[in-house]
Every structure is written in C-alpha cells, then in structure tokens.
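See structure below.
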Amino acid sequence: MALAIPKSIHFIGIGGIGISALAKFLHAQGVRVSGSDMCEGCVTKELREMGIPISIPHSKEAITNQDLVIHSAIIKSDNIEVQEAKSKGILVLSRKEALPMVLRDKRVYAVAGAHGKSTTTAILSAILQDSSALIGAESKEFGSNARALKTNKVVFESDESDKSFLKCNPYCAIVTNAEPEHMETYGHDLEAFYQAYREFLELAKYRIINAEDEFLGTLKLECVRLYPSKDISEIQYLLKNGIPKTQFRLQNGSKDLGFFEVYGLGEHIALDASLAILAALECMELEEIRQNIQNFCGIKKRFDVLNSGKCVIIDDYAHHPTEIKATLKSLKKYQELTNQQSLCGIWQPHKYSRVLDNLEEFVGCFSGIDRLVILPVYAAGEAKREIDFPTLFARYEPTFADFIKREGDCLVLYCNGEEIDRIESGIVAGFNAGDLTYQLRGGF
C-alpha cells in the first residue's frame, strides 16, 4: 500500500528535470519542500524563487527533521545526505519508489515511449487545461516542467528507462512507440523490455497506441489504435507570423475528426498531437480539443529556435538516430519555408554506449545535411571508449571541435583552445542531450 504524503520532504538531486517536477508539484500541494544538488543551475534558481530552500552542494546539514527524503536515480547509497537521513531514521525513497505515493489517488494520463513523449505530454497538458502536468522538459506554455493545480487530474510523462512507468498509476496510458532504448535496465533482454510495456498498458483503463509501431501493433489489448499512415492525412507546413505550424486531418477508424493545427513542423509532430487528441477525447468535446491545442507553443530544447536572423540557431534534444532523422526532416521543411541556403548540424554524441549500440544508424542518420560538426562525446558518467569518428563519418567531411561559443548572432568553433571557424549564416541545429544547449544559448 502506498504511503500517505508526508508534511515535509527533502529532495536530493533536485535540479534534475524529473525530480524537480515532483518537488514543484508537491510544493504546490502544501508540502514543505527542501532540496539539494551538486551545483547551481537554472532549475535550482527557479526553485529558490518559488521559496524552496536549496543546499549546494550536498551536505549532511541539509537533513534536519524532514519526514521523508526522495532522491534522483543517479544518487547512490553512499551519498552524504542519504547516509545522514538513514542515521536519523528518516525514510529514504528513490523517485521511482515515491511515485505511487505521489500519484496514488490521481487520474493519471501517462505518456510513454522512446521518442516524442515529452512533446505528446506537453500537447496533452495544453489540451487538458484543468489538469496538473509533470513533464520531462520545460513547456513554453507555462514556462516550467510542472503545472500544479488543485485537481485530481494529472498529465504525466512516464519513464521506461528505470521501469518507473510501472509505478505511475495510469488511468489512461499513451504509448508513442516502443523502440528499444535503455536496454541495460532490462538486462539487454528484448522480451523483458516489451513485457514492461505490456504491463504498463495493462495497468490502464483507457489506452492509446501508435499501432504502426512494430511491437505495439501486435498487442491484443483493447486500445484506441492510431495508424499514422492512413489516419493522418493532408499534412501541410506553415509559417504564421514567423511561427512554424503543422496542419493535418485526423481520422479514427471510420470517424473523420477534421483538421487540427499544432505548433511545430513535421510528421512526428502530427503523430504526437494525434495521440494527445485521441487521449483527450475520453473526457472532452472535439471542438474544445481543437481550440485548446492552440495553447501548445513548444517545449524547450525541442526544435527550439533561439535566433532567427541571418544565422538561424536551433536547439534540439534529438540524441538518437530516429530522433535526429525526424528533426532533420523538419529542418528541411523549415529551410524551404524560410528560404535559408544552408543547413549545418552540430552533434554532441550522448553516451558512448548509445553511440556504439546504434553506430550504423548514427552513421547514416545525417544524410542530406550540408555540413556536420561533431563535438566530443557527452559521457554522462560513462567511462571513455574509443570510437573512430573521423573514419566512420568521413562521408560527411565533418568538422571536429571541442566546444562552440555564441557571439551575438553567430557561433564560433574552438579546437585545442583555438578558434577554427565561424558560422554566420544559414540554419544551424544542435543535436544534443548534454551541455551543448548552454553553449548555443551563450553560457555554461
């Protein structure tokens, strides 16, 4: 049985995108929240502004008389605050272990999938204006990764990377796709990975799936099934007052739901929006959905246009070959709409294991790009492994740089401490889940 929510909770690793959303949500529910992290960042600054006390770095003095301590997945048992809490007899839970407590009495609309779940969650939260939202990215609609309302309804971005999606009490389960990712969690056992998705869907009363996914299409469960190739049609890409939009017609079986318009460019945007629309139909009228979807105005780091002058700078979270290919298709459409002459991609590979697990796909996914810049691997705590990027990616004649620096409307490339080039025109897109996002924005 899940615990009752205590009056005072301390979060270790509170600067993380997932755990900070929980902290904001519980803070809004009246829980006394405190937190700590290794270093200051934009999230910890935002939390301070909300009145949440933050300790930087971790220290045992941060553990006082809290009722509960919740820590992020990367925090280990030898952490000084974990040890101090245990010595004082305070219950310590991981974020995953805490989810049943936080969401146990909520009507949860949970979104899962290897790709597109943040966008789908943000679109659904834009439609369901009477819901709280916990997202693994910052929604530009409300300038945060969390919207906390006094309501029983919660739109939640669930996570398969640590199996925590099995703890989120889904009333409605939405799955964008089930492409294998984070296989180390599943012992590199594909059947165990797929079984987790089955269990996630079985937990829900109402289910929406992308039925053209290789695995999801085989499920015998009762689901609302989206077949993108036939259910989504008449796709058009528009620029309205400089804002990129995708317009499309949506059908559900034999029922024609009409046209919708959503922020962003690409078939994947139409797919994500369609799944959100089908989920919202469970509790809303169609015309209200059509109107409310206009509240969605993008999420930070997903086709995030940072500068739109002579040099268009775009920051994107794509860090898997499937995501990079989808973003490149959108970039090509954007290039046509804006009449830009060139398209440059700056790729910061994320984790040695991900690159090696998908090496062939990474080598092929940049096809059609005019220029490729490759930065060092963002290791995310992994030990260095040798990868011969110059040979593997020779077809692109890539530029190798150590980091980039934003100077006004242009980007400067550095290698071995020396400036090696400047990019002053065209579209420049950063593909990353690391710190390239800060370099593109002019800071670290």
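The values are calculated or read from the model by the stated rules, or taken from the named source; none is laboratory data. If you're wondering where the values come from, they're calculated on a predicted model, not measured in any experiment. Every residue, glycine as well, gets a Cβ built from its backbone with ideal geometry; the counts of neighbours run over all protein chains shown. With ligands, DNA and RNA removed, areas are computed over all heavy atoms of the protein, side chains included. Shrake-Rupley method; radii C 1.70, N 1.55, O 1.52, S 1.80 Å.
Quick look at the numbers
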{"quantity": "Single match in V102, V82 (criterion: β-branched (V, I, T) and surrounded by 24 or more Cβ atoms within 10 Å (Cβ to Cβ))", "calculated": "V102"}
{"quantity": "Residue count, region 27-59 (criterion: without any contact (Cβ under 8 Å) to a residue 40 or more places away in the chain, crowded, with 16+ Cβ neighbours inside 10 Å, under 18 Å from S94 (Cα atoms) and out of contact with any Lys or Arg (no Cβ under 9 Å at 6 or more places or on another chain))", "calculated": "3"}
{"quantity": "Count - residues of region 23-51 that are part of a loop (DSSP other than H, G, I, E, B) and more than 15 Å from K7 (Cβ to Cβ)", "calculated": "7"}
{"quantity": "Total residues in region 305-319, condition touching a Phe, Trp or Tyr at 6+ places or on another chain (Cβ under 9 Å) and either closer than 23 Å to V363 by Cα or open to solvent by 10 Å² or more (accessible area, probe 1.4 Å) (or both)", "calculated": "7"}
{"quantity": "Hits in region 253-266 - residues which are at pLDDT below 95 and open to solvent by 50 Å² or more (accessible area, probe 1.4 Å)", "calculated": "G253, S254, K255"}
{"quantity": "Selection status of L190, aliphatic (A, V, I, L, M) and either over 17 Å from K117 (Cβ atoms) or open to solvent by 40 Å² or more (accessible area, probe 1.4 Å) (or both)", "calculated": "yes"}
{"quantity": "Residues that are more than 28 Å from the chain's Cα centre (by Cα) and either open to solvent by 70 Å² or more (accessible area, probe 1.4 Å) or basic (K, R) (or both), drawn from region 387-410", "calculated": "D388, P390, T391, R395, E397"}
{"quantity": "Some residue of region 272-287 being assigned to a strand (DSSP E or B) and not hydrophobic (A, V, I, L, M, F, W, C)", "calculated": "no"}
{"quantity": "Boolean, L337 is open to solvent by 20 Å² or more (accessible area, probe 1.4 Å), hydrophobic (A, V, I, L, M, F, W, C), over 24 Å from F142 (Cα atoms) and in a helix (DSSP H, G or I)", "calculated": "yes"}
